[in-house]
Amino acid sequence: MPRNKNLVYLFCVITANLAANENSINLDEVVVTASGFSKTLQYAPASIDIVSKDVIEKRSFSNIYNVLDDISGVSIEGGGSRKLDNSSVYIRGLSGDYTLFMSDGKPQGSNDAYYNGFGVGMEANWLPPAGMIERIEVIKGPMSSLYGSEAMGGVINVITKKVPNKFTGSIGSEITLQEDKKSGNYTNNRFYLGTPILKDKIGFIVYGSTFNRIEDKFSGGFRQKDKYDINSKLNFVITDGSNLELFVGYAKTKNIGTKNKTGDTFLENDRRQLSITHDHNWADGANTTSFISHENVHIDNGKTTKSAYKKTIYNTKTLLPFSKHILTFGVDFKKEETKHAKARFHGSNNNTNLKRWQGALFVEDEFNIADDLIFTFGLRYDKNEHYGSEFIPRFYAIYNPNDYLTIKGGVGKGYKSPSLKQSDPKIGEQSGGGKAQKMGIGSIDIGNYDLKPESSINYELSMLLKFSQFEAQTTIFYTNFKDKIDKTTNCDSGAKKKGDLLKCLYNGKNYNRIHQYINVDEANIRGLELDLSYKFDKFKASANYTYSKSELKTGKYKGQPFFNTPKHMANLKLDYNYNRNLNLWTKIKYKGSTREKNGKMVKSYIISDMGVSYGINDNFTIFGGIYNVFDKSLTNEEYGKSLDGRRYSVGFEAKF
């Protein structure tokens, strides 16, 4: 079969060449997301990957999600024909709805302000631009015990540059040109400036970016997209070891589709964020970090369905080191509120403005039992205004028998509360598609007071090998998922065309169908992740492979695998540093077939990219690339989405 031939071919190449790039394993890198404080990757109590700033700055990415597509266990699904053409990140089979997105440890974004799935992937629009990113840390698997309900599937934490002690800056720009004249070109621009205002006391950073894409000229293509953001940080050194940081940010995105091209669509949204962070170092290595963050998102579809979402978070966390223990404990509180125009929930039997609060106490203890053995115990007590309380534990162990081998693994609980609209049966949201609504045979989705939070029990075991030039990591994982929230049909009129009788009554109005959110599915997923990295002379090589087998145990999709989750994925990469200025790279990605929720099978495919970067001097770099080198065509009819064909990118990065 063609799919199997593709897979065999890819692994022959892996065996022969071991590929690579800057994403290769480096077990000595320092991360903070896995435990809330700095740890080397080797001793971090989680499965965690790092994307360096070099990868982000020197390659063409339409959004940050595309950077993550090379990581084992991570799949980026989306493309043209999807709502607003946004992508969604899947970590070990769970979609972006189960992933917590953070910037410097502060949660970012929410889908609650959006309607009918239009919020999928919007978090990528709120993450910092490439020029401001120091690294991205990706945790695969739940971190609910430390970060709460939104971290059931994993965590993506973007670490940004700190306020510098001297004047620095950068500016970057790139343009991507499509070979297919029916596909829209796009541009990325970004800048960063940082300077001390009062030496060793006050510092300031301002940064921003723009993204513009021309609309495709065919049905199922990418819509026009215009985005810009501007952000600033002001840092005060109060005393030695005590800092106060003020952050202010604004971002705006506009998506436009026209009737004779990608379809009549308009959505404009803007986001304002304000946060204050205090960091204090006590004696003997103790530390307390506290922040309060407020974000306000507004959505306008150009008609009458304006919406808004507000979220305020307070978090404080203290680190206390002892001789054999490192104790972390804290408090987390979140208040959410949505406001919607009446037409947003047309037919609702309630005030369409929703609100709730959620609070938590959490504690983790890292216990150094011996020089080569570390245990981590974590527990979170979570209290939700509508869903009561929950204890969320986790346990992790790291064993380092010698300088070359590390074995680590653990078990943890994942937990996710229903969204605001899912939990209120007096809220009715129109559904069934715009075409059905125009014909007068639309449906409605209603909430449910009796919903339970979704939960999972997760197991993983990893083995890491580290030698002077070669590093390898293999991980096996198993997730038992229950009480997954989906929709059931309470009433179905069977209407097919305009004028057909509508029999389903809700709040005095007839609909074609009435759907209600319920806890329906139980599922499990198990898999293997393999990462290899090798450095020799001027070459850097890496490869990874992911195997995932999933099954829905109950509900109408019983026996089927998770949607949008490939059984096989592999990445092959190679970097060649000709000298300190010139770098050449290439990569190959294989993505196995997947099943969509409508039952349609999406075929497997292979895509190759290649590029070059050249440092004219220490401060100025030019780069370019050819993406989808062999012009693999992914159409909406065949793959359920459309992806760009062969395209050419060129750009520069200037630092000063």
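Nothing in this text is a laboratory measurement; each read-out follows from the coordinates by a stated rule. Because the structure is a prediction, the values reported are computed rather than measured. Here Cβ is always computed from backbone atoms with ideal geometry, including for glycine, and neighbour counts include all displayed protein chains.
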For the range 498-656, compute Rh as the Kirkwood radius over C-alpha pairs and then the Stokes-Einstein diffusion coefficient at 10 °C and 1.306 mPa s; write the answer in µm²/s, rounded to an integer. 79
Only four residue types carry charge here, +1 at the Cβ of Lys and Arg and -1 at the Cβ of Asp and Glu. Report the dipole size of the chain about the Cα centre in Debye, rounded to the nearest 20. 2500
Just to confirm a number: summing +1 for Lys and Arg and -1 for Asp and Glu over residues other than residue 493 whose beta-carbon lies under 15 angstrom from that of residue 493, what do you get? +4
Largest-first principal axis extents, alpha carbons of the range 156-230, Å: 56, 23, 17
Give the residue from 642, 565, 455 lying farthest towards the positive end of the charge dipole for the range 2-655; charges sit on Cβ (+1 for Lys and Arg, -1 for Asp and Glu) and the dipole is referred to the Cα centre. 642
Sum up the charges of everything whose Cβ sits under 12 Å from the Cβ of residue 539, counting Lys and Arg as +1 and Asp and Glu as -1, but leave residue 539 out. +2
Any idea what log10 I(q)/I(0) is at q = 0.05, 0.08 Å⁻¹ for the chain, Debye with uniform C-alpha scatterers and no solvent? -0.22, -0.60
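Net charge within 13 Å of residue 331 by Cβ-Cβ distance, Lys/Arg positive one each and Asp/Glu negative one each, not counting residue 331 itself?
+2
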For the range 207-322, place one equal point scatterer on every Cα, skip the solvent, and apply the Debye formula. What is log10 of I(q)/I(0) at q = 0.13, 0.22, 0.24 Å⁻¹? -0.69, -1.17, -1.25
Distance in nm between pseudo-label sites at residue 469 and residue 272 (7 Å out along the Cβ direction from Cα): 5.8
Given only helices, namely DSSP H runs of n ≥ 4 each adding -39500 (n - 2.57), what is the per-residue ellipticity at 222 nm of the chain, to the nearest 500 deg cm²/dmol? -1500 deg cm²/dmol
Run the numbers for residue 238 and residue 457: contour at 0.36 nm per residue of separation, minus the present Cα-Cα distance, in nm. 74.5 nm
FRET E, pair residue 654, residue 528, Förster distance 45 Å, beta-carbon r, rounded to 0.05: 0.55
For the peptides 173-183, 224-234, what is the packing order when you average, over each peptide's residues, the other Cβ atoms within 10 Å and list the highest mean first? 224-234, 173-183
Pop a pseudo-label 7 angstrom from the Cα along the beta-carbon direction at both residue 329 and residue 246 and give the gap in nm to one decimal. 3.4
Any idea what % of Cα-Cα pairs in the range 356-494 are farther than 27 Å? 48
Approximate spin-label separation residue 171-residue 603, in nm, with each point projected 7 Å along Cα-to-Cβ: 4.6
